[in-house]
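Only one structure is covered here, and it is reproduced in the block below.
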């Protein structure tokens, strides 16, 4: 009996000593104007990092991570409730597709057939169209293991002008190493183009804390895709070295953002596609916020990353009554090159039956 009692006491002590396992909870988060139910998933790891994602738009609602003193803060811009997400907003946290970024002239050709897609940026196409993936209600399922949520959506043949029925799965996984892994998969029944990404705006000092100009950024890319004034790639790959676009050595985001340099003038700040070298999962960016010590490293299997410094944010009423203004957040959108469907010299964005689209991006958080 004594031995049993001691064993039970040891088990109780161990249960108190071990960190809590990763968990995922689910709650109703309201309805769309069409009456569709929206769910909110909360993922928490053993260290207390918390990620919330909802089925409307696959939107990353919040990411709470510790600073160097252990204080938690939400580092993505957004809203406290569903309703503002249902209205017009700058793609906060959403799954962006069927084709993220721009397609020049809102058309492209596959196998000799020309397809016209929605022109929603002047004469050009951007971020999947007017009623794109960011405005769809995805189906969410908690995966076995309790550390991930899989969201699924089927895009009909012809949706926003894109060919082929596209079955999409996007999985959000939170690891014990404070990594948020986003895994994209899609299959089609006819040749199409696919370019999926996440459009979160980050501020490592905490959302609502002001601009991100004091963040230290490194992007290990020596070239970028040059653009015209409408930010459509010209087809030329140009060097960033020794220009204000050069982040191969860590630089403050704000140190050169106001320089009279044509690409910065075109983008009204940083809004540029950086070309990444190497195959497989590779470093796309490292960002550090000096005051909090928070660090975010981005790794991706995609060939490029778009740096956008929230240049067009203006008087957006966000979480906790915070007002988001220009450059209060930055995006690092891992992706195919913009306008790849019209640039045969760029890596292809064409997906064919029997050749699944697969893309992984990992956001790893730490503090120093």
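Coordinate-derived values only; no laboratory data. Everything numeric in this text was worked out from a predicted model, so none of it was measured. Here the Cβ positions follow ideal geometry from the backbone for every residue, glycine too, while neighbour counts run over all protein chains shown.
Separation of the range 155-224 and the range 18-88 by C-alpha centroid, Å?
16 Å
If you stretched the chain out fully between residue 238 and residue 176, how much longer would it get, using 0.36 nm times the residue separation minus the C-alpha to C-alpha distance?
18.4 nm
How much length is gained on full extension from residue 358 to residue 120, taking 0.36 nm per residue of separation minus their Cα-Cα distance?
That works out to 83.0 nm of additional length.
When the C-alpha atoms of the range 210-278 are aligned to their principal axes, what extent does each axis show, in angstrom, from largest down?
34, 29, 20
Residues of the range 204-241 with the amide nitrogen closer than 17 Å to a label point 7 Å from the Cα of residue 283, along Cα-to-Cβ, please.
216-223
Within the chain, what percent of beta bridges assigned by DSSP are antiparallel, to the nearest 5?
Of the beta bridges lying entirely in the chain, close to 100 percent run antiparallel.
Order 318-327, 217-226 from most to least packed using the mean count of other Cβ atoms within 10 Å.
The peptides rank, most packed first, as 217-226, 318-327.
Roughly how tilted is helix 2-17, in degrees to the nearest 10 and between 0 and 90, from the longest Cα axis of the chain?
Roughly 30 degrees, rounded to the nearest 10.
Can you pull a Stokes-Einstein diffusion coefficient for the chain at 10 °C (1.306 mPa s), Rh from Kirkwood over Cα pairs, as a whole number of µm²/s?
Here the translational diffusion coefficient equals 75 µm²/s.
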